[in-house]
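Contents: one structure, followed by commentary.
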Amino acid sequence: MIELVDLTKKYGSFTAVDQLNLTINKGEIFGLLGPNGAGKSTTILMMLGLTDPTSGTVSVCGIDSTANPIEVKRKVGYLPEDVGFYDDRTALENLLYTARLNRIPEKEAREKAQQLLVRVGLPDVINKKAGKFSRGMRQRLGLADVLIKNPEVIILDEPTSGIDPKGVREFLDLIARLRDEQGLTVLFSSHNLHQVQEVCDRVGIFVNGRLKAEGDIPSLSKKLFTDSLYVIEAGVELNGLSGASGETQWLANILNPIEGISSVSRKNGVFRIECSRNLSAEIARAIVHSGASLISLNKKEFGLDEIYYRYFEGGEKS
Amino acid sequence: MKIHHTNASGWLGNSGKISHPFWVIVQKEVADYVRSWRFVILVALIVLTCAGSMYTALTNFSKAIKPNDPEGTFFFLKLFTITDGTLPSFFVFISFLGPLLGISMGFDAINSEQNRGTLSRVMSQPIHRDYLINAKFVAALTVISVLFFALGFLIIGLGLITIGIPPTAEEFLRMIFFLALSIVYVAFWLNLSILFSVKFRQAATSALAGISVWLFFSVFYNLIINLIAKAFSPSPMATEYQVIGYQKMLLNLMRISPSQLFSEGTTTLLMPSVRSLGPLTMEQVQGAIPSPLPLGQSLLLVWPQVTGLLAGTIVCFALSYVAFMRKEIRSR
């Protein structure tokens, strides 16, 4: 549905988007995840033909966005970050304006607008002025505004920022339902990993204008933590066994025969062992065999936050 | 849940046919202007001042008509020009308040959309980017035209009732041309402020920029010209040609100001006896019959002024168009 090939955007000497290749399939929710200033919004603007790429091509629904933005905008609904409405118009009037810009006949637009306002949970404020709306309401009205043109693809740029947790949940549920019922393709840009993980089928991690990784969450974590998917924390009473080489080195030597251990470190009196498989049993056995006393053993799995930070750290370093 | 079925809201109209997106924007913008408080205030201001100048014009009407006046046959036009000195006449008011109207209608055309976050939303609809700026211009111009013609015709009507003598066809045409010239003049200021609204992100900055340009031309520019005039004033011994050259230079400097172009244009149109806008030598005047110029000749006389104003308008519009097309549309 959306295909980006070698997409690059430069502002002077600053490269906002660097050689981006990405394919988004029909009917999937794709999460574009990245910190602020990673180039997510710029990429979205290029998809809509609102900004021309420096090089590379964007095609949405098989149409080149740069050459033919009008056709693309006919099929794509875009909800910008912190969407605004004409404050002195009612919710309904704002929706009807969009509908008219899309050449939807008046009667049809009116019916559709009312249905959509019910759908996004704003049935009571149809005739309330948009200027009186809270941020969350505006975002929901924004979703209705996007849907009124019957899009094939919807692009949501940070749609949940500034909404309370309950509002976020409702918003995400609504997106997931829309995809299920209408087969919409959704591109969801966010810096919030948990929200992305909740609804997205696939995720692309985007740092400094580059796509660091893409795939579903389990495969992403596998890709990143090929050799350190688990962390085992061991509290050990050494009983004076460490010797001259130091405690960490001592433990590393003891654990050396076990395959799959990538690193050993010591922090706050607890050893931290990173390994690719769950090696708790083997590690415990080795420590006990060595004569030291094993006080505690704690297995930790890498959560989403670790995945996220690890990628972003990598991004900042490079 | 039951939804109240609302009737067609006025600003969207309720016609069954699908209009072109461009006209949809124009329609919305016109509605916005007409509903906005600042437009109401300005119109009230203009209507009040016009009523004032009309009142002075009508009360002094009998005194203004002198026997053997070359403009005797054009006394209807005097409605727009005569005054007893307490209040300026109608066309002076227009040349003063017109720019304010233009600036107030354009100064937040683009940047307010950006600040409200509606620009990126509208731009993501299937419309060409230039629709928005063109529609804003067309809408503002429509509103101004309707306002000025309504005002002009009201004055004509009022004059008809009080004086009781209908205007001649030529007088009527001159008034129409005067109104058209006023619209061009306001359009110039409108486009200047649209240009500022594209360039400056804050509406307040662009309003200030527009007003300062207006103040510069209406107050300071004349002061500067006076300074230049003193510095360059020819000696009493100077030849006739030097004096004429000096006068022409001053006049040309004055003509950089759009308000000078406008006032020259309006005086020529509304006072048919004006036969030249520059200095005339005795030889040129000799043998001339002190009669009013026909409309065609008056139009010829003001043609350079009109083209100058139009050119200024078009340059401002072109600049704002280019700036807007190159602008990157980001949310807020």
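In table form, for the structure just shown:
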quantity	calculated
Residue match in the range A:61-75 (condition: facing chain B (nearest Cβ under 8 Å) and among the hydroxyl-bearing types (Ser, Thr, Tyr))	no
Within the range A:76-119, tally of residues that are more than 7 Å from chain B (Cβ to nearest Cβ), of a type in the set (Gly, Ala, Ser) and under 21 Å from B:Gly117 (Cα atoms)	4
Meets criteria (within 12 Å of chain A (Cβ to nearest Cβ) and buried (at least 22 other Cβ atoms within 10 Å of the Cβ)) for B:Ser120	yes
Listing of helices (runs of 4 or more DSSP H) fully contained in the range B:209-270 that carry 1 or more residues being crowded, with 17+ Cβ neighbours inside 10 Å and in contact with a Lys or Arg (Cβ under 9 Å, 6 or more places away or on another chain)	B:258-270
Those residues of the range A:1-21 which are of a type in the set (D, E, K, R) and surrounded by 14 or more Cβ atoms within 10 Å (Cβ to Cβ), in sequence order	A:Glu3, A:Lys9, A:Lys10, A:Asp18
Residue in the range A:128-135 that is over 21 Å from A:Arg177 (Cα atoms), buried (at least 23 other Cβ atoms within 10 Å of the Cβ), among the small types (Gly, Ala, Ser) and in contact with a Phe, Trp or Tyr (Cβ under 7 Å, 6 or more places away or on another chain) present	yes
Total residues in the range B:93-110, condition under 12 Å from the mean Cα position of the chain (by Cα) and in contact (Cβ under 8 Å) with a residue 60 or more places away in the chain	9
Filtered residues of the range A:101-115 (kept if open to solvent by 10 Å² or more (accessible area, probe 1.4 Å) and either more than 30 Å from the chain's Cα centre (by Cα) or within 24 Å of A:Leu50 (Cβ to Cβ) (or both))	A:Asn102, A:Arg103, A:Ile104, A:Pro105, A:Glu106, A:Lys107, A:Glu108, A:Arg110, A:Glu111, A:Lys112, A:Gln114
Residue match in the range B:126-140 (condition: open to solvent by less than 10 Å² (accessible area, probe 1.4 Å), at negative phi and at pLDDT below 90)	no
Any hit, the range A:25-35, residues being at the interface with another protein chain (Cβ under 7 Å from one of its Cβ atoms) and crowded, with 17+ Cβ neighbours inside 10 Å	no
Candidates B:Ile228, B:Ile224 - the one that is over 30 Å from B:Leu119 (Cα atoms), more than 23 Å from the chain's Cα centre (by Cα) and modelled with pLDDT of 90 or more	B:Ile224
First in the range A:87-102 and farther than 12 Å from A:Gly77 by Cβ, second anywhere and part of a strand (DSSP E or B) and open to solvent by 10 Å² or more (accessible area, probe 1.4 Å), Cβ under 7 Å, 6 or more apart	A:Asp87/A:Lys129; A:Asp88/A:Lys129; A:Arg89/A:Lys129; A:Thr90/A:Lys129
Lone unmet requirement of (1) open to solvent by less than 60 Å² (accessible area, probe 1.4 Å); (2) over 19 Å from A:Val186 (Cβ atoms); (3) among the hydrophobic types (A, V, I, L, M, F, W, C) for A:Ala67	(1)
Of the criteria (1) over 23 Å from B:Gly117 (Cα atoms); (2) open to solvent by 50 Å² or more (accessible area, probe 1.4 Å); (3) basic (Lys, Arg); (4) part of a helix (DSSP H, G or I), which one A:Arg140 fails	(1)
Residue match in the range A:237-245 (condition: surrounded by 13 or more Cβ atoms within 10 Å (Cβ to Cβ), at pLDDT 75 or above and of a type outside the set (A, V, I, L, M))	no
Hey, A:Gly49 outside any helix (DSSP H, G or I) and without any contact (Cβ under 8 Å) to a residue 12 or more places away in the chain or not	no
Residue within the range A:133-144 that is in contact (Cβ under 8 Å) with a residue 12 or more places away in the chain and either more than 29 Å from A:Leu32 (Cβ to Cβ) or within 7 Å of chain B (Cβ to nearest Cβ) (or both) present	no
Test: residue in the range A:26-42 that is closer than 25 Å to A:Gly183 by Cβ, assigned by TED's automatic domain parsing to the domain that holds A:Asn150, of a type in the set (Lys, Arg) and in a loop (DSSP other than H, G, I, E, B)	yes
Complete set of residues in the range A:54-64 that are free of Cβ contacts under 8 Å to residues at least 60 places away in the same chain and surrounded by fewer than 24 Cβ atoms within 10 Å (Cβ to Cβ)	A:Thr54, A:Ser55, A:Gly56, A:Thr57, A:Ser59, A:Gly62, A:Ile63, A:Asp64
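The values are calculated or read from the model by the stated rules, or taken from the named source; none is laboratory data. As the structure is a computational prediction, the values presented were derived from the model and not from experiment. Virtual Cβ from ideal backbone geometry, glycine too; neighbours counted across all protein chains shown. Protein only, heavy atoms only, side chains kept; ligands, DNA and RNA dropped before computing areas. Shrake-Rupley method; radii C 1.70, N 1.55, O 1.52, S 1.80 Å.
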